[in-house]
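Chemist: So that we are looking at the same thing, I have put the structure below in structure tokens.
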Amino acid sequence: MTETVEQKPNIALQLVSVMIAFFVMSFVDSVGIATNYVKADLNLSDSLANLLPSMVFLWFLVCSVPTGMLMNKIGRRKTVLISLVLTLVALIVPLAGKSFAVMMVSFVFLGVGNAVLQVSLNPLVSNIVSGERLASALTFGQFVKAVGSFSAPIVAAFAAVHFHNWKYMYLGFMIFPIISIIAIAMNKIKEEEMTGRVATFKECFSLLGDGVILLCFIGIICHVGVDVGINVSAPKVLMERLGWTLEKAGYATSLYFLFRTVGAFLGTFILARWSAKKFFILSVLMLLVGVLGLIFMKGMWPLYVSIALLGFGNANIFSLIFSQALLHKPNQKNETSGLMIMGVFGGALFPPIMGVMSDAFNAQSGAMMVVGVGVLYLLFLALRTKEAAAA
């Protein structure tokens, strides 16, 4: 009885420590608003500024499989600790200066740290809670992450207005990885012995020979590309069309993440009544209307509605595509999962092309056209979801 009483607060503390790590995971979504501030600080072209988010998401292609191998060698808890240290470094570096090189280094550390964290944190949670409580814990973790994504533009604007330096956002966020590192390091989370083998690069990429997996992989690339593209460009659209300052227009990113959070929450209930295909099509149609709004609309409220539709529409697409891929290859879930996570590097592909197009058109409508191409592919994928699943 005494042992049980002692374990309860320990498990509670472990859960709190990993939930703070979920908040740290959200820092990758600060890349959009940070890119806009760096662009303004250094007077960069869109083409050059949009290389910054690429430096973050490129590492999902490189780090996904090696992180799995690292977890097998040193364990999940130590792998999460490494990711938190890398993220802490990413927050410290920008305070060293304002140069483009400094911010590139920061974004590289942020990308590597976040890629490692996303691969290792969810499995670590499974060592703390199990059964029905695991799904609840992971869902709450995603909610905590969403709160962080929503708060970053608000904190950056607050720092810019009240302290005349948006980078103080990093000072505010720095406390979270520090607390999480200390808490996770102090709590010896018991892990099961690693007996399985992690899929190699060759095994993951060989799945691209399957038509359905290939379509889903490209779908993940487009989904993340659209997500990062809106994150980066929505404030620019408001500045261009409405003449707003960056501090005011930056709230567009928070609006996007707010509706993405609401969409993810409601999606759980909608999918209990609707087929995945119907909801997939509806979600992409919302994206299409939202993108068209950001291309053609000029008023404040039409632009706000467009951003909200993009947030709600993009909320569940990752899980819809991911589940379709896993159902298609039920005997190769590890390889399929690794490949889908690699697809997150779509966030590195879209921003540079968007930057070139916005510079070519001298308007953000050029960038939105690139996002539109990604949305059109998602519509194609949604319409043939049933055929693909049966293939």
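Chemist: For the stretch 278-391, give me every one of the helices (runs of 4 or more DSSP H) that falls completely inside it and has 3 or more residues that are closer than 27 Å to residue 49 by Cβ.
Modeler: Working: elements: 300-313, 317-328, 333-342, 346-361, 364-383, 385-390.
Answer list for the stretch 278-391: 300-313, 346-361, 364-383.
Chemist: Let me ask you something else. Tell me yes or no: at least one residue of the stretch 336-353 is free of Cβ contacts under 8 Å to residues at least 24 places away in the same chain, surrounded by fewer than 22 Cβ atoms within 10 Å (Cβ to Cβ) and under 21 Å from residue 231 (Cα atoms).
Modeler: Our first condition is that a residue be free of Cβ contacts under 8 Å to residues at least 24 places away in the same chain; within the stretch 336-353, this holds for 337, 353.
Okay, now just the ones that are also surrounded by fewer than 22 Cβ atoms within 10 Å (Cβ to Cβ), so 337, 353.
So of that shortlist, the ones also under 21 Å from residue 231 (Cα atoms) come out as 353.
Yes.
Chemist: Does residue 232 satisfy the criteria of being crowded, with 24+ Cβ neighbours inside 10 Å, part of a helix (DSSP H, G or I) and modelled with pLDDT of 90 or more? Show your work before the answer.
Modeler: Values: crowded, with 24+ Cβ neighbours inside 10 Å: yes; part of a helix (DSSP H, G or I): yes; modelled with pLDDT of 90 or more: yes.
Yes: the conditions hold for residue 232.
To keep it simple, each residue is scored yes or no on (1) of a type outside the set (Val, Ile, Thr); (2) surrounded by fewer than 23 Cβ atoms within 10 Å (Cβ to Cβ); (3) touching a residue at least 40 places away in the same chain (Cβ under 8 Å); (4) outside any helix (DSSP H, G or I).
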residue: 237; (1), (2), (3), (4): no, no, yes, no
residue: 244; (1), (2), (3), (4): yes, yes, no, yes
residue: 258; (1), (2), (3), (4): yes, yes, yes, no
residue: 263; (1), (2), (3), (4): yes, yes, yes, no
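Chemist: Kindly provide the set of residues from the stretch 147-159 that are open to solvent by 20 Å² or more (accessible area, probe 1.4 Å) and among the aliphatic types (A, V, I, L, M), ordered by number. If you could, list the steps in order and put the result at the bottom.
Modeler: Filtering the stretch 147-159 for residues open to solvent by 20 Å² or more (accessible area, probe 1.4 Å) gives 147, 150-151, 154-155, 158.
Answer for the stretch 147-159, where residues must be open to solvent by 20 Å² or more (accessible area, probe 1.4 Å) and among the aliphatic types (A, V, I, L, M): 147, 154, 155.
Chemist: Within the stretch 99-132, restricting attention to residues that are among the small types (Gly, Ala, Ser) and at pLDDT below 85, which residue is surrounded by the most Cβ atoms within 10 Å (Cβ to Cβ)? Please lay out each step first, then the result.
Modeler: Taking the stretch 99-132 first, the residues among the small types (Gly, Ala, Ser) are 99, 101, 106, 111, 113, 115, 120, 126, 130-131.
In the following step, the residues that additionally are at pLDDT below 85 were identified as 126, 130-131.
Numbers: 126: 14, 130: 10, 131: 7.
Here the answer is 126.
Chemist: In addition: For the stretch 61-98, which positions are small (Gly, Ala, Ser), more than 17 Å from the chain's Cα centre (by Cα) and open to solvent by less than 50 Å² (accessible area, probe 1.4 Å)? I'd like the intermediate steps shown before the answer.
Modeler: Applying the first criterion (small (Gly, Ala, Ser)) to the stretch 61-98 yields 64, 68, 75, 83, 90, 96-97.
If we keep only those that are more than 17 Å from the chain's Cα centre (by Cα) too, we end up with 68, 75, 96-97.
Hits for the stretch 61-98 are 68, 75, 97.
The values are calculated or read from the model by the stated rules, or taken from the named source; none is laboratory data. It should be emphasised that the depicted structure is a prediction, and the values quoted were computed from it without experimental measurement. Neighbour counts run over all protein chains shown; Cβ positions are idealised from the backbone, glycine included. Accessible surface is based on the protein model in full, side chains and every heavy atom, while ligands, DNA and RNA are left aside. Shrake-Rupley method; radii C 1.70, N 1.55, O 1.52, S 1.80 Å.
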